[in-house]
Amino acid sequence: MLKMERLIFTTLCSAFFFTSCVSGEYPKAQNVSWLSINFKTLLMWDPKPSNYSYTVEYSVIGQNRKKNQHCIRTMATECDLSNSLVDLKAIYSADVLSEPLRGVNSDLIEFPHTTSERFTPYEDTLIGRPKFKIEVSKDKRKITLYVEDPLTALFNEQNQQKTIRDVFADELQYKVTFGKATSTGKKTKISASSEIELDRRDVDPGVSYCFNVQAYIPSRSTDKQLGELSQRQCSPGDDKSIFEEYGIGVIATVILLIIMIIVVAIGVTVVCCKRRRNANRSGKEGVPLRSV
């Protein structure tokens, strides 16, 4: 009986040791994270494999896992799941499995794996920076911004690329941050439309204003409501800088005259000081010494 127990114990230890050694050949993935912009969604991780590979499995929480055909025993450290996450409002998770290279067998039943954080495309994808055009009315009392809804990585049934407006519909708004080109003060305006009008309540006629635009989705959590900030653009205006108003030639002439006046003033001051000093010396030399 004692020999039998020792045999079982030895067998279990050997199995444990063998499993540990094999598992050690396939390190777990590290830093597993989601990177998603305009529904272009990548699962990313480290490190770069050498003598092993990775396989990605994903699923809606509570459902069976699936594999992306492009991410099976791959040497890459990212997997594009944009077309796999069909239900944009579902909550997903993914596993990155460390496996043998293609064509290599292993006795392991379950391979080392690392699970990602949960991800919901509709709530978590970052909205990229929008492009926009500026139009000033003829009477210069109104400025209109025409925002181009950013394209997504999604396609409709006609294989046409969807915009973020197609996805978010009425939930999509735009936040405009603007101010006079010659000032540091800022104002903001929220618009439900991609055509944003600023009238005399917002801007002064004929004045140049600079604008930044970003997508705004108020239904999201506070830290994910705003998209990327657009590039800064400024409208034309009647207000001119001093260089535009007078010209570089005139300004250079004025500066030269000022320098000349300063030089002449310094010269006159020096001459006057010398004359006064000489006069004081002459006066002292003409006074006779007092007798003792």
Hits in the range 58-96 - residues which are more than 14 Å from S33 (Cα to Cα) and in a strand (DSSP E or B)
S59, V60, K66, K67, T74
Every residue from the range 199-242 that is part of a helix (DSSP H, G or I) and either free of Cβ contacts under 8 Å to residues at least 60 places away in the same chain or in contact with a Lys or Arg (Cβ under 6 Å, 6 or more places away or on another chain) (or both):
T222, D223, I242
Just need a number here: residues in the range 52-67 that are under 20 Å from S106 (Cβ atoms) and either open to solvent by less than 60 Å² (accessible area, probe 1.4 Å) or in contact with a helix residue (DSSP H, G or I) (Cβ under 9 Å, 6 or more places away or on another chain) (or both).
6
Those residues of the range 127-167 that are more than 21 Å from P218 (Cβ to Cβ), hydroxyl-bearing (S, T, Y) and assigned to a strand (DSSP E or B) come to a total of 2
Reported set for the range 19-51 where residues are of a type in the set (S, T, Y), modelled with pLDDT of 95 or more and either surrounded by fewer than 15 Cβ atoms within 10 Å (Cβ to Cβ) or assigned to a loop (DSSP other than H, G, I, E, B) (or both) is S33
Are there any pairs, at least 6 apart or on different chains, whose C-beta atoms fall under 7 Å, with the first in the range 29-56 and within 23 Å of L226 (Cα to Cα) and the second among the aromatic types (F, W, Y) and open to solvent by less than 20 Å² (accessible area, probe 1.4 Å), and if so, which?
W34/F119
Looking only at the range 268-291, decide whether some residue is outside any helix (DSSP H, G or I), of a type outside the set (K, R), modelled with pLDDT of 95 or more and over 23 Å from L172 (Cβ atoms).
no
Of the conditions (1) in contact with a Leu (Cβ under 7 Å, 6 or more places away or on another chain); (2) open to solvent by less than 30 Å² (accessible area, probe 1.4 Å), F178 satisfies every one except a single condition; which number is it?
(1)
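The values are calculated or read from the model by the stated rules, or taken from the named source; none is laboratory data. All values derive from a computational prediction rather than experimental measurement. Methodologically, a virtual Cβ is constructed for each residue, glycine included, from the backbone with ideal geometry; neighbour enumeration extends over all protein chains shown. What goes into the accessible areas is simple: the full protein's heavy atoms, side chains included, and nothing from ligands, DNA or RNA. Shrake-Rupley method; radii C 1.70, N 1.55, O 1.52, S 1.80 Å.
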